[in-house]
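Written out below as structure tokens is the structure these notes cover.
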Amino acid sequence: MRSIGEIVGGLEPAKRSRSFQPVRRNSYYANDRRAERIWQRLGSNNRDARRLIAARLKAAEFYDRRSKKEGKRNGALGHIGLEVLRELYRIVDFKTGRLEPAIATICERIRRSRAAVVAAMARLKEHGFLDWVRRSEAVDNPGAGPQVRQITNAYGFGLPAAAAAWVKKILGNGPAPDCELARREADRVEVEAMLDQASTDEVVDFIVGDPQLAEILKKMGSSLSFNSASSPSGQNPASDRI
């Protein structure tokens, strides 16, 4: 059936073709530069890349623990989210940032269901650790009209502000350490953050390690604090000079 505009204007009906292929909205062709902008190199050599990846994974674990609410098993990312992120960092081409695995590949490598992996990736994206661009490609099929099909997404890494600051603190401006030194530095930063929020008694327990000795030190500290507070000079040091 021709439209009124086509009849009045003497126009030929517009030719339409449908691919009938399940292609997601906002998909780019694989060779489109917009699909490749999401890839960023992680280092110029293996050592730099491993150092950066180790720091980012530590930051993700720290972020997940800090976001964990009392009584809950997981934090914002969840243990499967951390597994997915760790696996993606294993398979990325660190020199180019190229990362385009199929969901099925990730499921197979970490032995998780598709639903669990998809949900985990959604959480990683929501909190700024992962992003992706949908992609498609043309299919040469003579006689059936132009067709396109969905292909694997292009994935890229990110960091929320809190995690980025933590990574920066780990890496610092010194010479690049190996993975073991990076791990030790990450542990040190984590301990410092924990002690900043701990009470005096908790700090004593952590540093001393021996429960009996810790109790003795706590009592000594309480006694010293009491004597200081009860002394006249402790209450008003400047009163003797009036």
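The values are calculated or read from the model by the stated rules, or taken from the named source; none is laboratory data. Computed from a predicted structure; not experimentally measured. Ideal geometry is used to build each Cβ from the backbone, glycine not excepted, and the neighbour counts take in all protein chains shown.
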Worksheet entry | Enumeration of residues in the stretch 107-132 that are under 21 Å from ALA59 (Cβ atoms), of a type outside the set (Lys, Arg) and part of a helix (DSSP H, G or I) | ILE110, ALA120, MET121, ALA122, LEU124, GLU126
Worksheet entry | Qualifying helices (runs of 4 or more DSSP H) (wholly inside the stretch 13-103; at least 1 residues being at pLDDT below 90 and either under 18 Å from ALA120 (Cα atoms) or more than 18 Å from the chain's Cα centre (by Cα) (or both)) | 33-36, 46-67
Practice prompt. Could you check, for the stretch 51-64, whether at least one of its residues is surrounded by fewer than 18 Cβ atoms within 10 Å (Cβ to Cβ), of a type in the set (Lys, Arg) and closer than 19 Å to LEU159 by Cβ?
Written response: no
Fill in: Selection count, the stretch 92-117, where residues are exposed (fewer than 13 other Cβ atoms within 10 Å of the Cβ) and among the aliphatic types (A, V, I, L, M)
3
Fill in: Those residues of the stretch 133-172 which are in a strand (DSSP E or B), at pLDDT 80 or above and touching a strand residue (DSSP E or B) at 6+ places or on another chain (Cβ under 6 Å), in sequence order
VAL133, ARG134, ARG135, ILE151, ASN153, ALA154, TYR155, GLY156
